[in-house]
1. If you line up the long axis of helix 45-57 against the longest principal axis of the chain, both from Cα atoms, how many degrees apart are they, to the nearest 10?
2. Using θ = phi - 60° and the Karplus curve 6.51 cos²θ - 1.76 cosθ + 1.60, what whole-Hz ³J(HN,Hα) does each residue of region 298-305 get, with Gly and Pro shown as x?
3. Test of understanding: express the Cα radius of gyration of region 1-145 as a ratio to 2.2 N^0.38 Å, with N the residue count.
4. Along the principal axes of its C-alpha atoms, what lengths does region 185-293 span, in descending order and rounded to whole Å?
5. Note down the accessible area of residue 13, probe 1.4 Å, to the nearest 10 Å².
6. Mind listing the long-range amide H neighbours of residue 42? Cut-off is under 5 Å, sequence gap 5 or more, other chains count too, H placed in the peptide plane at 1.01 Å from N.
7. Compute the angle between helix 173-187 and the longest alpha-carbon principal axis of the chain, please, reported from 0 to 90 degrees and rounded to the nearest 10.
8. For residue 68, which sequence-distant residues (separation of 5 or more, or a different chain) have an amide H within less than 5 Å of its own amide H, given hydrogens modelled in the peptide plane?
Amino acid sequence: MEKELNAESLEVKLPVNKAITSMRPTATLKQLKSKRRIVALRGNKDQFTEVMDMLCSLRRRFVQSQTLLVLVPTDGSTKEEWGWDDKQMGDSLWLADATNIGQFLDYFQELLGSDEGVSNDNELAWFALNFKGRSIASGLGEAPKILELMGQQLQPMELIDDTDAAVVPADMPVANEILECQKKFYNVLTSTGDLEAMKAIFTDGKMQEVNEVIGAGGRIDGWVECLKPDARPANMVIADQDIFVSSPTLAYSTCVEFPPNAGIDGATLLASQRWVRETANDEWKLELHQTIPWAAGTRAGGTLRCDCRGCVALTSSQEKRTFGGLIG
């Protein structure tokens, strides 16, 4: 509790809609209680560069969950040095700046502590606070699994409808290419169930995110099983698609899934896809697809990860089915 109270004095410069004003107000975390959730990360240039794609790909979801992200560099590096793209990020209404870097760094040191004679100053660290200013998660040495954090603690506060259109800049042809690839993936997943078409969508790579679940004893269901009529999410609708293009050969897409059995309580899911290609002239291929329940007032009981082999489910119950095991 004492550490949470100490966090209240931390001050940030808030993002604003630049079309309205360029003046960015400041606020302490105490003043942001009941208004914003907070996720703060401490790291150096290399560490922030490594996590920047993951964070930017979910920028729309930070806004929808009323979450502010605060990046606290230990080496004086800047957003531009981390690979920040102003053209894609726009107003960045999810990103706040620490007004006093040293104060944040001192708080991280107090929060994490260290054994006598052992320093953790060079390790990536993070913490998350809910609307009440209470700590809900923290970590040291590795980046937060943001999608899982979204499902567990950063649920949407905005109403998302199954008719919400994709958010894709008209002047970004590559983003529209990714949107079409995403549509093709979901058409196979929810409608045709064509195994060969699904194989053609994916790369041949076996992703680490799936490997770690298998290595821990998890079961993988191949696509031949996942695409069977009684297993695949037939008639599921997606909406509110968003695209982030990291480079000419790496891009991300997200969307909100609306299963046909979602019901009035809105058992929606947040989905993310990672797309790659060898050169700018090649076709985009899907490396990883992941979903997690994401709805106001609920906490995710599991997450689904898929690559070219099929899907693995991490659940908090004994249910081991893939798609079905994550809903309800």
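1. Tilt of helix 45-57: around 50 degrees.
2. 3J(HN,Hα) across region 298-305, in whole Hz: 10, 10, 4, x, x, 9, 10, 10.
3. Ratio of Cα Rg to 2.2 N^0.38 Å: 1.01.
4. 43, 33, 28
5. Number for this one is 80 Å².
6. 72, 125, 126
7. On a 0 to 90 degree scale, this one is about 50.
8. 37, 38, 39
The values are calculated or read from the model by the stated rules, or taken from the named source; none is laboratory data. Predicted, not measured: the structure shown is a model, and the values here were computed from it. Please note: Cβ atoms are built from the backbone with ideal geometry, for glycine as well, and neighbour counts cover all protein chains shown. To get the accessible areas, we keep the full protein, side chains included, count just its heavy atoms, and leave off ligands, DNA and RNA. Shrake-Rupley method; radii C 1.70, N 1.55, O 1.52, S 1.80 Å.
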